[in-house]
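A short write-up of the structure that comes next.
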Amino acid sequence: MNLILANIQKDMAYSMYVFLFLVSAYGSVLFAWWWIKKGSASAVYAYVTFMLLGEAIESIIAVKARHFWMAGKLLEYQEFLCSWTWKMRTSITLIAITCIVIHMTYRAIFQPVIKDYSGKG
């Protein structure tokens, strides 16, 4: 824990990865909790939940890579950048964003447009 705090103080990129992890991890838990509490969720809501989870995973992987770099463990850093973990780190986020875009494209093209937004009918 002390090493994390020391790295946060001296490296802006490390700090951003840590904070992005904390916010996106909290967001994914919050969205999942609300989803479970309600019993169901819209497709886009579910995709956003998974997108936040993907961001949390990406961020924690970036924290590990940045830690190797900052600690001077260049061999471990290079090996990590060649690993499947690093190469596949964006997979969940990519799938979630792709689903959102496909879903919204379908809605934009095929869903009828409601012209009266006044609520009167």
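Nothing in this text is a laboratory measurement; each read-out follows from the coordinates by a stated rule. Note that the structure is predicted; figures quoted are calculated from it, not measured. All Cβ positions, glycine included, derive from the backbone under ideal geometry; neighbour counts span all protein chains shown.
For the reader, a short list of remarks on this structure follows.
- Listed values [x] 65; [y] 54; [z] 68, entry calculated as percent of Cα pairs over 18 Å apart: [x]
- Here the Gaussian network model covers the chain, with springs between Cα atoms less than 10 Å apart; of Ser91, Ser28, Ser59, Ser91 fluctuates the most.
- Here the sum of -39500 (n - 2.57) over DSSP H runs of 4 or more residues, divided by the residues of the chain, equals -26500 deg cm²/dmol at 222 nm, to the nearest 500.
- Approximate spin-label separation Ala32-Met16, in nm, with each point projected 7 Å along Cα-to-Cβ: 2.7 nm
- Estimated distance in nm for a label pair at Ile95 and Gln78, the labels positioned 7 Å out from Cα along Cα-to-Cβ: 3.3 nm
- Most mobile of Tyr106, Tyr77, Tyr26 in a GNM of the chain (Cα contacts under 10 Å): Tyr106
- GNM flexibility winner over the chain from Leu20, Leu81, Leu52 (Cα, springs under 10 Å): Leu81
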